[in-house]
Amino acid sequence: MNEYLMIFRSERMDGEMPSPEQMQIVKQQWQKWISGIAKSGNYSSTNRLLSEGKTIHGNVITDGPYMEGKEMIGGYLIVKAISLDEALSMAKTCPGLAMGGKVEVRTVMAIDDDPNSNQFLDPKS
């Protein structure tokens, strides 16, 4: 099986924030979705990403990862699948899509799969 990275994107929320009850419902939808992936044996790892961060471009460091953009990355999930199509099938049921979010699915190439990885990982090279 290969690994695929799902990157969860959504628009920044301006205005009224969801109530604690609404946030709990959303959290439960995500937990149910990820739990289903885990029960099927396709789960590898996941994490949420906070908006705190810095971006380095050349010698310039700016606040925040997406200060000029409306879109933000909220987290990621790594799944195991036989093909990109299978990973896309899992992504199509993401609860974030129902709220206008986007899911980018990318194939992960483990460094160990690269025949030159020993050279890459060897600090003496």
Calculated FRET value between Ser44 and Met72, using beta carbons and R₀ = 25 Å, to 0.05: 0.60
Spin-label pair Asn2/Ile56, simplified geometry with 7 Å Cα→Cβ offset, distance in nm: 3.0 nm
Whether segment 1-110 is rounded, prolate or oblate, judged on the alpha carbon gyration tensor where a/c under 1.5 counts as rounded: oblate
Phi to ³J(HN,Hα) by Karplus 6.51 cos²θ - 1.76 cosθ + 1.60 over segment 47-58, Hz, x for Gly, Pro: 7, 8, 10, 7, 6, 5, x, 9, 10, 10, 9, x
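Taken together, the values in this text are just the output of simple stated rules run on the coordinates, not laboratory data. This one's a predicted model, so the numbers in the text were calculated from it and none came from an experiment. All Cβ positions, glycine included, derive from the backbone under ideal geometry; neighbour counts span all protein chains shown.
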